[in-house]
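Report on the following structure.
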Amino acid sequence: EASKASSGAIKLNIQKISIKELIKQVTGEFEDRFKARGLEEIITLPSENIYIQADSRYMYRVLENLYSNISKYALENSRVYVDVAVKGNEVTIQLNTSKDKLNISADELMQRFVRGETSRNTEGSGLGLSIATSLTELQGGKFSLYLDGDLFKVIFVMDLIK
């Protein structure tokens, strides 16, 4: 799957997607996992409906990868911020969380098979962020990762449909 995503060999079913509904779906899917770790999700959404052109299955996969990382690696009993904003003709989705100081650069962390710290022994291949980046870019979006000490911030941007 990672090879297909990075090479663009995936058949996309582009359609109009509601960002609000997509966020609600993923949030519902991870509610129990977040609750089990004491993670409080703070979501900021614009009041109006927001739509993008994308493949709903793959956009869900992007968010699922990010939420999965958060559910595994965020500091227990802390907050997870999800901010959705419209800026010009773009929709920006930003997720922030933190736990341990990461001993790796953002560029290295987005490469295949790389995990944020060598002490992590949970399940996973290290492909999640690489796949999320490729899938976002295949659908015309931009995917960025920022690390600042223990702050882990992901921002992805898609074109807004008006």
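For the pair Leu151 and Ile10, a Förster radius of 30 Å applied to the C-beta separation gives a FRET efficiency near 0.45, rounded to the nearest 0.05.
State the extension gain, in nm to one decimal, for the chain segment bounded by Glu90 and Ser144, taking 0.36 nm per residue of separation less the distance between their alpha-carbons.
Numbers: separation 54, 0.36 × 54 = 19.44 nm, distance 1.46 nm.
Additional length available on full extension: 18.0 nm.
Taking amide H as placed 1.01 Å from N in the peptide plane, Val80 has its amide H under 5 Å from the amide H of Glu40, Glu41, Ile42, each at least 5 places away in sequence or on another chain.
How much length would be gained if the chain were fully extended between Ile161 and Asn49, taking 0.36 nm per residue of separation minus their Cα-Cα distance, in nm to one decimal? The partial results should precede the final answer.
Details: separation 112, 0.36 × 112 = 40.32 nm, distance 1.03 nm.
Contour length minus Cα-Cα distance gives 39.3 nm.
Using a/c under 1.5 as the rounded threshold, could you call the stretch 1-90 rounded, prolate or oblate? The axes a ≥ b ≥ c are square roots of the C-alpha gyration tensor eigenvalues, and prolate needs a/b larger than b/c, oblate otherwise. Oblate is the answer for the stretch 1-90, as a/c is 1.5 or above yet b/c matches or exceeds a/b.
For the pairs Lys24/Lys142; Lys72/Lys162; Lys16/Lys72, flag any whose C-alpha to C-alpha distance is greater than 28 Å. The answer is Lys72/Lys162; Lys16/Lys72.
How would you classify the stretch 17-62 from its alpha-carbon gyration tensor, with a ≥ b ≥ c the square roots of the eigenvalues: rounded for a/c under 1.5, else prolate if a/b is greater than b/c, otherwise oblate?
On the way: a/c = 3.52, a/b = 1.56, b/c = 2.25.
Oblate, since a/c reaches 1.5 and b/c is not below a/b.
Here the stretch 52-100 has 41 percent of its accessible surface on carbon and sulfur atoms, given a 1.4 Å probe and all protein chains in place.
The values are calculated or read from the model by the stated rules, or taken from the named source; none is laboratory data. Source: prediction; values computed, not measured. Backbone-built Cβ (ideal geometry, glycine too); neighbour counts: all protein chains shown. Ligands, DNA and RNA are excluded from the accessible area calculation, which covers all protein heavy atoms including side chains. Shrake-Rupley method; radii C 1.70, N 1.55, O 1.52, S 1.80 Å.
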